[in-house]
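Engineer: After the structure tokens below, expect a handful of questions from me.
The values are calculated or read from the model by the stated rules, or taken from the named source; none is laboratory data. These numbers were taken from a predicted model, which means no experiment stands behind them. Virtual Cβ from ideal backbone geometry, glycine too; neighbours counted across all protein chains shown. In case anyone asks, the SASA skips ligands and DNA or RNA and just uses the protein heavy atoms, side chains included. Shrake-Rupley method; radii C 1.70, N 1.55, O 1.52, S 1.80 Å.
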Amino acid sequence: MTARDGQAAVELEGVGKAFGGRRVLAGVSLTVPPGGRLGIIGPAAGGKSVLLKLIAGLQRPDAGAIRVLGHDLVAAREPELAALRKRIGMLFQNYALFDFLSVADNVAFPLLHAGVAADEIDARVAARLRAVGLAGSESKMPAELSGGMKKRVGIARATVARAELVLYDEPTAGLDPVTTSKIYDLLRADQAETGSTAVVVSSDVAAVAAFADTIAMLHDGRIRWVGAAAGLFDADDLVVRSFARGEERDGAAVLSRSVEAARPAPGAWP
Amino acid sequence: MIARRPLTAIGRRALDGVDAALELGRVAVGTIVGALISYWRGPRRRGEIARQMYFIGNRSLLFVAVTLGFIGMVMVYQTCLLTTQVVDGRGQVGAQFARLLVLDVGPSLTAMMLATRVGAGIAAEIGSMKVTEQIDALRMSGVTPVDYLVVPRFLASVIMTVVLTMFGMAVAWGAGGLTGYYSFQINPRTFFDLSMVAPAHVWLGMTKAAAYGAAIPIVAGFCGLRAKGSSEGVGAATTAAVIGSSFAVLIIDFTISAIGLIIWGAGL
């Protein structure tokens with residue numbers, strides 16, 4: 001069964017996770033429809049990356065239920081999870097490029113292990129690298145790339161297999177505004193082409209709000225707010241509004257820079 | 001209430017220990033099954049086993065040669081000193097040294113050296129991949145990290161530990177012979193005497209070498225896969241790999257020696 005049969009692509013219900021007695025997530029419930037774009041925002045070290053890894057089946061929850069592309073991740077055994085992961089693309093926060101493989105081999109890796117024919121792999125890798133602006137860098141090693149280039153290779157690897165669900169962990173962290181804009185354009189174009197579902201975790205509130213159709217704010221291990229991206233900056237919840245706008249609340253800076261400055265023109269909102 | 005905290009800490013450590021033992025068992029079984037079946041089914045990195053054989057074998061040649069050479073010299077020198085103090089037993093030193101070298105000293109000391117160099121290398125490499133999420137990236141492509149990373153190192157290590165053991169024994173024997181000749185005037189024809197080495201000794205020695213070669217990458221791979229955090233976690237994994245691999249060598253030495261004694265008895 002696939003998510004395209006009408007059920008949600010991602011469904012979390014009461015998900016909890018703790019590490020060494022430290023609670024990271026508690027009672028997290030979220031639903032992402034097929035083809036949807038969910039943005040997850042929240043303070044640093046708030047469990048956003050852990051949430052993505054739970055959705056990817058890389059970690060198991062301590063409590064709650066997770067259904068991804070029609071599979072119950074809590075009940076699934078490792079072989080089922082391994083097969084499911086082939087239908088999911090993931091961009092890791094720190095790129096996670098294989099440092100012993102060239103750029104082209106990194107991008108080709110998911111296809112190679114999905115049994116795709118060699119000439120088809122070559123064609124798709126070349127097309128992906130062109131799309132992320134890295135044509136001509138095929139033989140370079142990850143150590144020779146800048147942070148932005150590594151990020152783009154990571155995006156190419158996450159999307160090359162035309163996965164049904166793509167998870168992006170901080171796709172634009174540390175990148176300049178122009179590159180950030182280009183990367184979100186790329187994600188949008190990819191999604192339009194493949195009809196995939198996207199979940200984006202980002203600290204760049206303005207950029208992710210411009211990309212996603214729904215935003216969820218994770219705060220203190222719980223979902224504090226879920227709503228249309230357009231309503232994020234005017235949310236009723238003071239904590240959410242302050243975080244989104246980068247304003248200080250109770251004397252603590254919840255975001256380091258002003259979102260207003262980076263906020264796109266009204267016409268640019270989806 | 002106060003007494004519960006230490007109890008909780010002890011309980012947590014005990015559960016962590018059980019969890020680690022089960023994980024080690026899973027890595028060991030996964031590696032052996034992978035080496036026999038699953039590694040050969042999926043796509044593999046071309047030349048990976050040869051690359052690992054080079055890293056484990058060729059890159060350890062000098063290290064093993066120097067260490068085993070000096071150990072051979074010291075052992076022969078000390079043995080000759082002792083044998084000449086009571087009665088002149090220098091004629092027996094070479095034959096007994098060869099027996100000891102084949103049965104225990106050669107395989108065990110070579111493996112101890114490899115546990116430090118190779119065990120640390122494997123744990124650092126896999127541990128770095130773990131903390132930089134490359135292991136998660138492998139899993140996202142449906143690849144089993146044990147199959148992809150541990151199995152080729154396991155196969156290379158089994159082969160190269162046997163080869164290096166034979167090489168190390170030859171170096172130690174030669175160095176011991178030179179020490180005997182120059183320091184105690186033992187005729188090389190008398191020293192290089194294999195009459196005390198039985199086929200059972202060779203079997204036991206080579207079985208130990210192969211078992212050590214199998215254990216080192218399994219223990220080191222397990223430690224690397226459990227690395228947490230950042231560079232500090234990789235350092236801890238590397239240390240654990242060296243200690244664990246050395247400990248595994250000692251346990252295997254004891255176990256195989258005991259099995260040998262049961263099979264061949266006092267004649268061994």
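Engineer: Looking at the stretch A:83-113, which of its residues are open to solvent by 20 Å² or more (accessible area, probe 1.4 Å), facing another protein chain (nearest Cβ under 7 Å) and of a type in the set (A, V, I, L, M, F, W, C)?
Structural biologist: Residues satisfying the conditions are A:Ala83, A:Leu112.
Engineer: On the basis of being among the β-branched types (Val, Ile, Thr), in contact (Cβ under 8 Å) with a residue 40 or more places away in the chain and touching an Asp or Glu at 6+ places or on another chain (Cβ under 9 Å), does A:Val68 make the cut?
Structural biologist: yes
Engineer: Six or more apart or on different chains, Cβ under 6 Å: which pairs go from a residue in the stretch B:20-32 that's open to solvent by 30 Å² or more (accessible area, probe 1.4 Å) to one that's modelled with pLDDT of 95 or more? Could you list them?
Structural biologist: Between residues of the stretch B:20-32 that are open to solvent by 30 Å² or more (accessible area, probe 1.4 Å) and residues that are modelled with pLDDT of 95 or more, the close pairs are B:Leu24/B:Phe222.
Engineer: If only one of A:Asn106, A:Asn94 is at pLDDT 95 or above and among the polar types (S, T, N, Q), which one is it?
Structural biologist: Details: A:Asn94 fails: at pLDDT 95 or above.
On inspection, the qualifying residue turns out to be A:Asn106.
Engineer: Moving on to the next point. Would you kindly identify the helices (runs of 4 or more DSSP H) lying entirely within the stretch B:103-208 that contain at least 2 residues that are over 30 Å from A:Gln93 (Cβ atoms)?
Structural biologist: Working: elements: B:106-131, B:134-140, B:151-184, B:188-191.
Output list reads B:106-131, B:151-184, B:188-191.
Engineer: Check off (1) within 11 Å of chain B (Cβ to nearest Cβ); (2) farther than 24 Å from A:Gly16 by Cβ; (3) crowded, with 20+ Cβ neighbours inside 10 Å for A:Leu52 and give me the number that stays unchecked.
Structural biologist: (2)
Engineer: A follow-up question, please. Out of B:Val18, B:Val33, which single residue is part of a helix (DSSP H, G or I), of a type in the set (A, V, I, L, M) and under 21 Å from the mean Cα position of the chain (by Cα)?
Structural biologist: Among B:Val18, B:Val33, only B:Val33 is part of a helix (DSSP H, G or I), of a type in the set (A, V, I, L, M) and under 21 Å from the mean Cα position of the chain (by Cα).
Engineer: Still on this structure: Inside the stretch A:147-180, can you point out the residues that are open to solvent by less than 60 Å² (accessible area, probe 1.4 Å) and among the small types (Gly, Ala, Ser)?
Structural biologist: Selection gives A:Gly147, A:Gly148, A:Gly154, A:Ala156, A:Ala158, A:Ala161, A:Ala163, A:Ala173.
Engineer: Return the only residue of B:Val66, B:Val76 being open to solvent by less than 10 Å² (accessible area, probe 1.4 Å), of a type in the set (Val, Ile, Thr) and more than 14 Å from chain A (Cβ to nearest Cβ).
Structural biologist: Of B:Val66, B:Val76, the one residue that is open to solvent by less than 10 Å² (accessible area, probe 1.4 Å), of a type in the set (Val, Ile, Thr) and more than 14 Å from chain A (Cβ to nearest Cβ) is B:Val76.
Engineer: Taking A:Ala83 and the conditions (1) free of Cβ contacts under 8 Å to residues at least 24 places away in the same chain; (2) within 24 Å of A:Glu138 (Cα to Cα); (3) not charged (D, E, K, R), which numbered condition does it fall short on, given that it satisfies the others?
Structural biologist: Condition (2) is where A:Ala83 drops out.
Engineer: Given the conditions (1) within 14 Å of chain A (Cβ to nearest Cβ); (2) closer than 24 Å to B:Ile252 by Cβ, and given that B:Thr144 satisfies all but one, which numbered condition is not satisfied?
Structural biologist: (2)
Engineer: Check whether at least one residue in the stretch B:170-185 is in contact with an Asp or Glu (Cβ under 9 Å, 6 or more places away or on another chain) and crowded, with 17+ Cβ neighbours inside 10 Å, and report yes or no. First the steps, then the outcome.
Structural biologist: Within the stretch B:170-185, the first condition is being in contact with an Asp or Glu (Cβ under 9 Å, 6 or more places away or on another chain), and the residues that meet it are none.
No - not one qualifying residue is present in the stretch B:170-185.
Engineer: Also, I was wondering about something else. Against the conditions (1) modelled with pLDDT of 95 or more; (2) more than 12 Å from chain B (Cβ to nearest Cβ), where does A:Gly147 fall short? Just the number, please.
Structural biologist: So the condition that A:Gly147 fails would be (1).
Engineer: Being over 25 Å from B:Arg46 (Cβ atoms), open to solvent by 20 Å² or more (accessible area, probe 1.4 Å) and away from chain A (no Cβ under 14 Å), is that true of even one residue in the stretch B:121-137?
Structural biologist: No, every residue in the stretch B:121-137 fails to be over 25 Å from B:Arg46 (Cβ atoms), open to solvent by 20 Å² or more (accessible area, probe 1.4 Å) and away from chain A (no Cβ under 14 Å).
Engineer: Name every residue in the stretch A:137-146 that is open to solvent by 40 Å² or more (accessible area, probe 1.4 Å) and either within 23 Å of A:Asp122 (Cβ to Cβ) or among the hydrophobic types (A, V, I, L, M, F, W, C) (or both), in order of residue number.
Structural biologist: Selection gives A:Glu138, A:Ser139, A:Lys140, A:Met141, A:Ala143, A:Glu144.
Engineer: Here is a check on your reading of the model: is B:Val93 more than 14 Å from every other protein chain (Cβ to nearest Cβ) and either touching a residue at least 12 places away in the same chain (Cβ under 8 Å) or open to solvent by 10 Å² or more (accessible area, probe 1.4 Å) (or both)? Write out each step before concluding.
Structural biologist: On the way: more than 14 Å from every other protein chain (Cβ to nearest Cβ): yes; either touching a residue at least 12 places away in the same chain (Cβ under 8 Å) or open to solvent by 10 Å² or more (accessible area, probe 1.4 Å) (or both): yes.
Taking the combined requirement at face value, the residue satisfies it.
Engineer: Can you name the condition, by its number, that B:Ala111 falls short on among (1) buried (at least 20 other Cβ atoms within 10 Å of the Cβ); (2) of a type in the set (Gly, Ala, Ser); (3) without any contact (Cβ under 8 Å) to a residue 24 or more places away in the chain?
Structural biologist: Every condition holds for B:Ala111 apart from (3).
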